[in-house]
Every structure is written in C-alpha cells, then in structure tokens.
C-alpha cells in the first residue's frame, strides 16, 4: 500500500491531511492468526509513540497494539467490536483501528517505509 509508514512493532500509519489512521500490518495479522476480539481506546483520549493503546486477541495469543505516533484519538473503528476478523481480511482498509490527530508530525519520519519494513519482516522471520 502506498503512503504507509511502519513501526518495528508491526503497526502501520497513513497520514492524510490533519488525520493519521493506524492499524496492524498484514504481517502482524498473519502471525496472530484468526482475530476474535479487539480492544480499542475511547475517542478523545491520547496516544503516545511506542505506548500501547489497545489489544488484538486471536485464537493463538493476545497482543498489545502500540501507537507509531503521539496524538489525540479522533475516531475509533467501532466495526471491529462486532467484526474483529476485518483485521485479518482487510488490515489496511476495513480493519483500521484508530484515527489520530498527530501531535508531532516529525515522528512519522522515524518510521520505516514499505521497502524497509519488508526487509525488517524478512530478517525478523529468519531469526525466529
């Protein structure tokens, strides 16, 4: 997907206008397996770069989801409450988790681009 930036903890962020959309990557959902429950924060709260804001529970494990950037939560994807499997079927479209108003847009520059992230995943998988 174009325009996405990636964190080492396997979250993606897409910055469009004043808002950045955040979710977990295809690589992350693939490793998790079937997602059965998603824990989301409340809109109006804030997130900090590298800190957890929610969790994804799969048939295998529960994983914390960290925010790749800091900012104010302007929207959460309430569809995931009823249909957590959207994270598996559509991690970059229907399965987004939160939308954030970035507090420090320069944080986006420290994240990986698509090529760097693909390489990171290959190296991580090879080491496991």
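Compute a Gaussian network model of the chain, connecting alpha carbons closer than 10 Å, and tell me which residue from 74, 47, 38 fluctuates the most.
Top of the fluctuation ranking is 74.
Using the alpha-carbon centroid of each, what span in Å lies between the stretch 1-64 and the stretch 66-128?
Here the answer is 4 Å between Cα centres.
Given contacts defined as C-alpha pairs under 8 Å and at least six residues apart, what's the relative contact order of the stretch 4-126, whole-number percent?
Reported relative contact order: 30 percent.
In 5 Å bins starting at 0, how do the alpha-carbon pair distances of the chain split up by percent?
2, 12, 23, 25, 21, 12, 4, 1
What spacing in nm lies between the two simple spin-label points modelled at residue 118 and residue 2, each 7 Å away from Cα in the Cβ direction?
1.6 nm
Order of 107-120, 2-15 by packing, highest average Cβ count within 10 Å first?
Going by the mean number of other Cβ atoms within 10 Å, highest first, we get 2-15, 107-120.
Given a 10 angstrom Cα cut-off, can you work out which residue in 93, 39, 16 is the most mobile in a GNM of the chain?
Of 93, 39, 16, the most mobile in the Gaussian network model is 16.
Neighbour counts of other C-beta atoms within 10 Å: give me 83, 62, 21 arranged from fewest to most.
Ascending number of Cβ neighbours within 10 Å: 62, 83, 21.
Given the Cα-Cα distance of residue 108 and residue 70 and 0.36 nm per residue of separation, how much length would full extension add, in nm?
12.7 nm
Taking a ≥ b ≥ c as the square roots of the Cα gyration tensor eigenvalues, with a/c under 1.5 meaning rounded and otherwise prolate when a/b beats b/c, else oblate, which class fits the stretch 25-75?
Judged from the Cα gyration tensor, the stretch 25-75 comes out prolate (a/c at least 1.5, a/b above b/c).
Once the Cβ-Cβ distance between residue 19 and residue 81 is put in as r, and R0 is 35 Å, what FRET efficiency do you end up with, to the nearest 0.05?
0.95
Quick check for you: which residues of the stretch 1-20 have the amide N under 15 Å from the point 7 Å beyond the Cα of residue 93 toward its beta carbon?
1-2
Rounded to the nearest 5, what % of the DSSP beta bridges within the chain are antiparallel ones?
Once the DSSP bridges in the chain are tallied, antiparallel ones form about 95 percent.
The numbers here are math on the coordinates, done by the rules we state, and not lab data. Treat the numbers as computed from the prediction; the structure is a model and nothing was measured. Cβ coordinates were reconstructed from backbone atoms using ideal geometry, including for glycine residues, and neighbour counts include every protein chain displayed.
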